[in-house]
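A.B. asks: Have a look at this one.
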Amino acid sequence: MLKVEKLVVRYGAVTAVRELSLEVGQGELVALLGPNGAGKSSTINALTGLVTPASGRIVLNGKNISHVRTEDRIRAGLTSTPEGRHIFSNLSVGENLRLGAATRRDPAGVRQDIERFLSLFPVLSERFGQAAGTLSGGEQQMLAIARSLMSRPKLLLLDEPSLGLAPKIVARIFDFIGELKAQGLTLLVVEQNAKQALRFADRVYVVSSGTLRYDGPPAKLADEHGLFNLYIGG
Amino acid sequence: MDYALQQLLNALAFGAEYSLVALGLAVVFSIMGLVNFAHGEIIGVSAYSVFLAAALGLTSPFVAVLLAVGMAALAAVVFERVAFRPVRYAPTTTGLLTAFGVSIVVQNLFMLLISPKPQSVSILNGLNQMWFFGPFAVSSLQVMELIVSGLTILALVLFLNRSTLGLAIRAASRDFATVRLMGIKANRVIATAFAISGALAGIAAVFILARRGSVSPDLGFGLVLKAFVACVIGGFGSLPGAAVGGMLLGFIEVGLLVALPQEYAGFRDALTYAIIVALLVYRPEGLLGQRIELGDKEI
């Protein structure tokens, strides 16, 4: 579904991503792991088009989208839940969900989806009319994922869904990610928290310093020592 | 009683006009971080369009009002497309300088192509009459200014709270990148904000024309400075703040006009700004502004 070839992202003189190639197949959950500053978020931002890569190709469903604008990539069925959630804090919970469906033209379907997420996350239902900035971190993460799903994406990129959350809440969010996969959604999950990310992953990539260090099934990574070495680049 | 009522209406009408122009500045600033000092020239384009249409034989005031608002919205969108879009991601000072540049160029175009002297426009004079309610005489223009501004602000509030594009504009005021992640076209959000800003300026232009009966190249510039001050009072980037700031500025100005003895009238502006400075000492973020940490706003 998604194919990335030799992606390079530079910020001025700093190279954040060096010739990274990866692939995500239909219905797969692929984990992209690595330490802080490894270039994971830069990769995601290049995939959504929020940063312009220096070189490389991004192919979605056989179409080269490297030069397609962010807005049109979302319309093509790709979306991301950004790192740090980025909910619209000055808008209500309901308004956040409505904006998530901005590309859709079926009001009845949009209402149904909102109902579905509200019953899935009752706390969002309780806070429906309140400013989203008043939600707790875990609630904001649920809202951010629900908002992404409102566009009915074919491929969801999740950037550090566990960031800054308590372990219990992280486990709940990954339970939900597992359900999404079971429902047939294709996911690319970027994480520092390897343990949670590996629960449902079909395949794993590990990056550090912008370079790919591992590409394969999660089983081989289960050896914590190997993972540790990859992280520190040993 | 008559005098007090008259002054109250004065304050409300001035305040309403400042609010309209300040809201126009705030809508654009809130999503782009651009203080559009060319906003006055949007008022200018609007007023000169009415002048030219009247010179070409237009007689209907109704059509003139539609033309004024439409041309202002169009001018704002064209300014954005031609001047501001190329510098959208440049540092904010670049945007500010661009705005001054547009302002100077357009003012000079008015001078070169039409005339540096004020030109008479009488087509909207009919809006400015005296209405008598029992013992009270009020200006029809001021009453209309108040009602139209009120309705305009109401329409703006409904738009920003109900429509998807309105929600997107509010969201973009905090986090533009994430709005794009919703699949909403950045260009569309910005063009809409400019069109709204222009339409508000056009409504203000109608009232200015009806009151002054003439148009000159620097027509809007002074008003935009006042609107800028109104935005600062209310909290820059806050839309309710712009409306409240404009109203407050109107009240301070008219209040000082009434309270100051004739021989001190020259101190009026100085006192106005002294009051505003005092206010900002206590609330540096403005009346309704929020202290936004630098990290809260993602560009």
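A.B. asks: Order by neighbour count: A:D113, A:D159, fewest other Cβ atoms within 10 Å first, most last. Numbers along the way, then the final one.
C.D. replies: Values: A:D113 20, A:D159 25.
In order of increasing Cβ crowding within 10 Å: A:D113, A:D159.
A.B. asks: Any aspartates and glutamates with Cα under 16 Å of the B:K226 Cα? List them, leaving off those in the same chain fewer than 8 positions away.
C.D. replies: B:E17, B:E41, B:D218, B:E253, B:D269
A.B. asks: While we're on this one: Would you mind giving the mean number of other chain beta-carbons within 10 Å of the Cβ of each residue in B:182-190, as a whole number?
C.D. replies: Taking the mean over all residues of the peptide, I get 6.
A.B. asks: Which whole-number percent gives the relative contact order of the range A:91-211, counting Cα pairs below 8 Å spaced six or more residues apart?
C.D. replies: Values: 109 pairs, mean separation 30.5, N = 121.
Relative contact order for the range A:91-211 comes out at 25 percent.
A.B. asks: How far apart, in nm, are two points set 7 Å out from the Cα along the Cα-to-Cβ line at B:L225 and at B:L151?
C.D. replies: About 3.3 nm, to one decimal.
A.B. asks: Along the range B:238-246, what does the Karplus equation 6.51 cos²θ - 1.76 cosθ + 1.60 (θ = phi - 60°) give for ³J(HN,Hα), rounded to whole Hz, x for Gly and Pro?
C.D. replies: 8, 6, x, x, 5, 5, 5, x, x
A.B. asks: Check which residues have an amide H placed less than 5 Å from A:S80's amide H, if you skip close sequence neighbours.
C.D. replies: Amide H neighbours of A:S80, under 5 Å, 5+ apart: A:L157.
A.B. asks: Among the chymotrypsin sites (Phe, Trp or Tyr not before Pro) within the range B:52-92, which fall in a DSSP loop and have no more than 13 other Cβ atoms within 10 Å of their own Cβ?
C.D. replies: Working: sites: B:F62, B:F79, B:F84, B:Y89; in loops: B:Y89.
Passing sites in the range B:52-92 are B:Y89.
A.B. asks: Now a separate question. Which helices count as membrane-span-like in chain A under these terms: full DSSP H, at least 15 Å along the axis by C-alpha, Kyte-Doolittle mean of -1.0 or more? Each step should come with its number before you reach the end.
C.D. replies: Values: long enough: A:107-120 (20 Å, -0.10); A:137-149 (18 Å, 0.08); A:167-182 (22 Å, 0.59).
Qualifying helices, which must be both long enough and hydrophobic enough, are A:107-120, A:137-149, A:167-182.
A.B. asks: Among residues other than B:G241 whose Cβ falls under 11 Å from its Cβ, what is the net charge (Lys/Arg +1, Asp/Glu -1)?
C.D. replies: Values: positive: B:R283; negative: B:E285.
Every neighbour counted, the sum reads 0.
A.B. asks: For a quick check: with amide H placed at 1.01 Å from N, whose amide H comes under 5 Å from B:L287's, ignoring anything fewer than 5 positions away on the same chain?
C.D. replies: For B:L287, the qualifying residues are B:G234, B:G235.
A.B. asks: Here's something else I'd like to know. HN-Hα J couplings of the range A:186-193 from phi, Karplus 6.51/-1.76/1.60, θ = phi - 60°, integer Hz, Gly and Pro as x?
C.D. replies: Couplings: 8, 9, 10, 10, 9, 8, 9, 7 Hz.
A.B. asks: Give the average, rounded to an integer, of partner chain Cβ atoms located within 10 angstrom of each Cβ in B:155-164.
C.D. replies: Details: counts 0, 0, 0, 0, 0, 0, 3, 2, 1, 7.
The shielding value for this peptide is 1.
A.B. asks: Cut-off under 30 Å on the C-alpha distance; same-chain residues fewer than 8 positions from A:K3 excluded. Which lysines are left, in chain and number order?
C.D. replies: Within the straight-line cut-off, A:K3 pairs with A:K40, A:K63, A:K154, A:K181, A:K195, A:K220, B:K185.
A.B. asks: With a cut-off of 8 Å between alpha carbons and a minimum separation of six or more residues, what is the relative contact order of the range A:2-232 in percent? Walk me through the numbers before you get to the answer.
C.D. replies: Numbers: 424 pairs, mean separation 67.0, N = 231.
With pairs under 8 Å counted, the relative contact order is 29 percent.
A.B. asks: Let me ask you something else. Evaluate the relative contact order of chain B (contact order divided by residue number), counting alpha-carbon pairs under 8 angstrom at least 6 apart; express in whole percent. Show your work: numbers first, answer last.
C.D. replies: Numbers: 459 pairs, mean separation 106.9, N = 299.
Answer for chain B is 36 percent.
A.B. asks: Sticking with this one: Just to confirm my numbers, what's the Cα centroid distance between the range B:222-273 and the range B:10-88 in Å?
C.D. replies: 21
A.B. asks: First select every other residue whose beta carbon is under 11 angstrom from the beta carbon of B:E145; then total the charges, Lys and Arg +1, Asp and Glu -1. Working shown, then result.
C.D. replies: Details: positive: B:R211; negative: B:E17.
So the surrounding residues net to 0.
A.B. asks: All other residues with a Cβ under 13 Å from the Cβ of A:R69 taken together, and with Lys, Arg as +1 and Asp, Glu as -1, what is their net charge?
C.D. replies: Working: positive: A:R73, A:R75, B:R180, B:K185, B:R188; negative: A:E71, A:D72.
Combined, the nearby Lys, Arg, Asp and Glu give +3.
A.B. asks: Shielding by partners for A:96-104, please: the mean number of other protein chain Cβ atoms within 10 Å of each residue's Cβ.
C.D. replies: Values: counts 3, 0, 6, 11, 3, 3, 10, 5, 2.
Mean shielding count: 5.
A.B. asks: Another question about this same structure. Short version: ³J(HN,Hα) in whole Hz for each residue of the range A:50-61, in order, from phi by Karplus 6.51 cos²θ - 1.76 cosθ + 1.60 (θ = phi - 60°), x for Gly and Pro, what are they?
C.D. replies: 6, 10, 8, x, 6, 7, x, 10, 10, 10, 10, 6
Read-outs throughout are calculated quantities, based only on the coordinates presented, and are distinct from any laboratory measurement. What you see is a predicted model; the values in this text were computed from it and never measured. We place every Cβ from the backbone using ideal geometry, glycine too, and count neighbours over all the protein chains shown.
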